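Asks: Submitted below is the structure of interest, expressed as structure tokens.
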Amino acid sequence: MSFVQAPPQLGNQYAADRALRRLLAHALPVEVLRDIEPSLAAMGELAGGELYRLQLADRDNEPKHTAWDAWGNRIDRVEVSPLWRVAERIAVEHGLVATAYEHKHGLHSRLHQFALAYLFSPSADLYGCPLAMTDGAARVLLGSGSENLIKHALPHLTARDPGQFWTCGQWMTESTGGSDVGLSETTARNEGGQWRLYGRKWFASAITSQMALTLARPEGNPAGGKGLALFYVETRDANGRPNNIFINRLKDKLGTRKVPTAELELNGAPAELVMGKHDGIRNIAPLLNITRTWNSVTAASFMRRGLALARDYAQRRVAFGTALARKPLHVDTLAGLEAEFSGALHFAFFVVELLGRSEAGRASEQQTGLLRVLTPLAKLTTAKQAVAVASEVIEAFGGAGYVEDSGLPLLLRDAQVLPIWEGTTNVLALDRGYARQACCACRRSSSAHSKRR
Ligand SMILES: Cc1cc2nc3c(=O)[nH]c(=O)nc-3n(C[C@H](O)[C@H](O)[C@H](O)COP(=O)(O)OP(=O)(O)OC[C@H]3O[C@@H](n4cnc5c(N)ncnc54)[C@H](O)[C@@H]3O)c2cc1C
């Protein structure tokens, strides 16, 4: 029998992650860490065990869209892969959204939630995408002042019971532009007191969501971003039929292939205004800040997964008489990746910490400004790092890294979405709010500096 190479293995992903454990030990009071550690260890066990095995076995499964039933009814049924169904149950039962809204640990609740998300994400094939949007929608609804939506939808978004849980889509991008959303063509008509939406949404991820927050221009409103309003829609009617929302097709994508991303036709979809008839882009911004934070945490988590696999493999793979783990150049390569990962982890979780403070009403003015500045910066930086690290990880496996059934190419393909969605790198770099804050921070520090002098 010829030589057979042992594949890389994962153990408990919390126990094995010294960088995360150190970070949490530094950021959290001892009693909080003691309280949350069992939940992190449980998620680490799932992520390196059952969920990871299922992810490898689920590799060839993809979402399926059925537009019509046998009798000519438009049904637009989308079936997600088995991994996604399990991932949803785990995410809900472990409170991946709920933890942030239960505030059990006050300003530390966000750290707990995102530590869970970080452990979960690399084994869940982007199920973090609907979770991120759901989390962002919960934040928007809480701040919306809409008693009806807070009472009706919020409990579903933050549920811990899979039977009650809803996810939320975020339908902004149209074929006219995802960066320049002010060009959106979707219109909203008030028809006898009921708002109805007409138009086409070009990228609508996690289309199995029960609800969505979306932008449309009420008739008579001016062109541009200010004239758009933020709307709430439910995707199905009381009988489970499409709510005048039709799926033209699912996108055939480079990566994120488990995420059903749809092109949609809104043909009179009933909708509710969330926060008035204007300023939809401004009103949806809190959602984007949350999804960008998820993006940063996911980027760090992908880097960590690549490294965990590459480090383990380096112990098992022998070349020129010794394991790769004893080759100075290979060790140097992995150390470089570790440094990238460590920086990304700390950057992402610093933003999480600020977010937790801000939501708990415990952020100083400076911390609030910092949160505003760093959210897009962390997103754009960590996303770029994740792609570079994933590419290097593939090379660290040699030819095996390039072969699909090793499960490794997925890392690179999925990482490549991180710099694109939730705002491309250059568009985030131009973020006007960020630039304003950076300017204020600069002015503050230079005036403090000149006072000191
Ligand atoms: C897998 C996937 C899932 C997605 N899911 C969703 C979703 O659920 N909901 C949703 O709303 N959107 C979604 N999107 C869309 C995504 O947010 C957009 O693709 C993204 O914001 C970019 O918009 P665009 O594709 O229209 O590119 P464009 O806006 O046309 O950008 C093209 C290029 O131009 C650059 N550019 C644009 N403006 C400037 C400028 N002022 N200065 C310099 N450079 C500029 C960009 O950086 C980019 O490189 C998804 C995208 C992908 C790939």
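Asks: Pairs under 9 Å by beta carbon, first residue part of a loop (DSSP other than H, G, I, E, B) and open to solvent by 10 Å² or more (accessible area, probe 1.4 Å) in segment 76-100, partner modelled with pLDDT under 95 and hydrophobic (A, V, I, L, M, F, W, C), six or more apart or different chains?
Replies: none
Asks: I would also like to ask the following. If you scan segment 372-410, which residues turn out to be open to solvent by less than 40 Å² (accessible area, probe 1.4 Å) and more than 26 Å from residue 327 (Cβ to Cβ)?
Replies: Once the filter is applied, which keeps residues that are open to solvent by less than 40 Å² (accessible area, probe 1.4 Å) and more than 26 Å from residue 327 (Cβ to Cβ), segment 372-410 yields 373, 374, 375, 376, 378, 379, 380, 382, 383.
Asks: Give the residue that is nearest to residue 171 (Cα to Cα), with candidates limited to residues of segment 412-426 that are among the aliphatic types (A, V, I, L, M) and more than 9 Å from the ligand (Cβ to nearest atom).
Replies: Keep residues of segment 412-426 that are among the aliphatic types (A, V, I, L, M), which gives 412, 415, 417-418, 420.
From the residues that got through so far, the ones that are more than 9 Å from the ligand (Cβ to nearest atom) too are 412, 415, 418.
Values: 412: 26, 415: 22, 418: 17 Å.
Restricting to residues being among the aliphatic types (A, V, I, L, M) and more than 9 Å from the ligand (Cβ to nearest atom), the top hit is 418.
Asks: Taking the condition among the polar types (S, T, N, Q), under 17 Å from the mean Cα position of the chain (by Cα) and open to solvent by less than 10 Å² (accessible area, probe 1.4 Å), does residue 123 pass?
Replies: yes
Asks: Run down 250, 307, 264 and say which single residue is closer than 30 Å to residue 82 by Cβ, at pLDDT 95 or above and in contact with a His (Cβ under 7 Å, 6 or more places away or on another chain).
Replies: On the way: 307 fails: in contact with a His (Cβ under 7 Å, 6 or more places away or on another chain); 264 fails: in contact with a His (Cβ under 7 Å, 6 or more places away or on another chain).
Matching residue, one of 250, 307, 264: 250.
Asks: So is residue 191 open to solvent by 60 Å² or more (accessible area, probe 1.4 Å), within 16 Å of the ligand (Cβ to nearest atom), within 16 Å of residue 229 (Cβ to Cβ) and out of contact with any Leu (no Cβ under 7 Å at 6 or more places or on another chain) or not?
Replies: no
Asks: While we're on this one: Just to be sure I understand, how many residues within segment 216-229 are open to solvent by less than 20 Å² (accessible area, probe 1.4 Å), in contact with a Lys or Arg (Cβ under 9 Å, 6 or more places away or on another chain) and within 16 Å of the ligand (Cβ to nearest atom)?
Replies: In the first step, residues of segment 216-229 are kept if they are open to solvent by less than 20 Å² (accessible area, probe 1.4 Å); the result is 216, 218, 227-229.
After this cut, where a residue has to be in contact with a Lys or Arg (Cβ under 9 Å, 6 or more places away or on another chain) as well, the list is 218, 227-229.
From what's left, within 16 Å of the ligand (Cβ to nearest atom): 228-229.
Result for segment 216-229: 2.
Asks: Among the residues of segment 145-195, which ones are outside any strand (DSSP E or B) and small (Gly, Ala, Ser)?
Replies: Of everything in segment 145-195, those that are outside any strand (DSSP E or B) and small (Gly, Ala, Ser) turn out to be 145, 146, 153, 159, 163, 175, 178, 179, 182, 184, 192, 193.
Asks: Right, something else. Filter segment 53-75 down to the residues that are outside any loop (DSSP other than H, G, I, E, B) and open to solvent by 30 Å² or more (accessible area, probe 1.4 Å) and list them by number.
Replies: Listed by number, the residues that qualify are 53, 54, 56, 57, 64, 65, 66, 68, 74, 75.
Asks: Give the residues of segment 159-184 that are charged (D, E, K, R), open to solvent by 50 Å² or more (accessible area, probe 1.4 Å) and within 16 Å of the ligand (Cβ to nearest atom), sorted by residue number.
Replies: First, pick out the residues of segment 159-184 that are charged (D, E, K, R): 160-161, 174, 180.
Filter once more, keeping what is open to solvent by 50 Å² or more (accessible area, probe 1.4 Å): 160-161, 180.
Scanning segment 159-184 gives a single hit, 180.
Asks: Among the residues in segment 23-31, are any in a helix (DSSP H, G or I), touching a Phe, Trp or Tyr at 6+ places or on another chain (Cβ under 8 Å), closer than 24 Å to residue 256 by Cα and touching a residue at least 24 places away in the same chain (Cβ under 8 Å)? Lay out the reasoning, then the answer.
Replies: We begin by selecting, within segment 23-31, every residue in a helix (DSSP H, G or I); these are 23-27, 30-31.
Adding the requirement that they be touching a Phe, Trp or Tyr at 6+ places or on another chain (Cβ under 8 Å) leaves 23, 27.
If we keep only those that are closer than 24 Å to residue 256 by Cα too, we end up with none.
No, segment 23-31 has no match at all.
Asks: Quickly run through segment 101-130 and pick out the residues that are on the phi > 0 side of the Ramachandran plot and not in a helix (DSSP H, G or I).
Replies: Kept after step one, since they are on the phi > 0 side of the Ramachandran plot, are these residues of segment 101-130: 103, 106, 125-126.
Correct list: 103, 125, 126.
Asks: Could you tell me how many of the residues in segment 398-425 are part of a loop (DSSP other than H, G, I, E, B) and aromatic (Phe, Trp, Tyr)?
Replies: 1
Asks: If residue 384 satisfies every condition in (1) at pLDDT below 95; (2) within 25 Å of residue 308 (Cβ to Cβ) but one, which is the exception?
Replies: Condition (1) is where residue 384 drops out.
Asks: How many residues does segment 236-279 hold that are outside any strand (DSSP E or B), away from the ligand (no atom under 13 Å from the Cβ) and either of a type in the set (Ser, Thr, Tyr) or closer than 22 Å to residue 147 by Cα (or both)?
Replies: The total comes to 8.
Asks: Still on this model: Keeping to segment 323-362, report how many residues are under 24 Å from residue 295 (Cα atoms) and open to solvent by less than 30 Å² (accessible area, probe 1.4 Å).
Replies: The number of residues fulfilling the criteria is 12.
The values are calculated or read from the model by the stated rules, or taken from the named source; none is laboratory data. The structure presented is a predicted model; accordingly, all values stated were derived computationally and were not measured. All Cβ positions, even for glycine, are placed from backbone atoms using ideal geometry, and neighbour counts span all protein chains on display. In case anyone asks, the SASA skips ligands and DNA or RNA and just uses the protein heavy atoms, side chains included. Shrake-Rupley method; radii C 1.70, N 1.55, O 1.52, S 1.80 Å.
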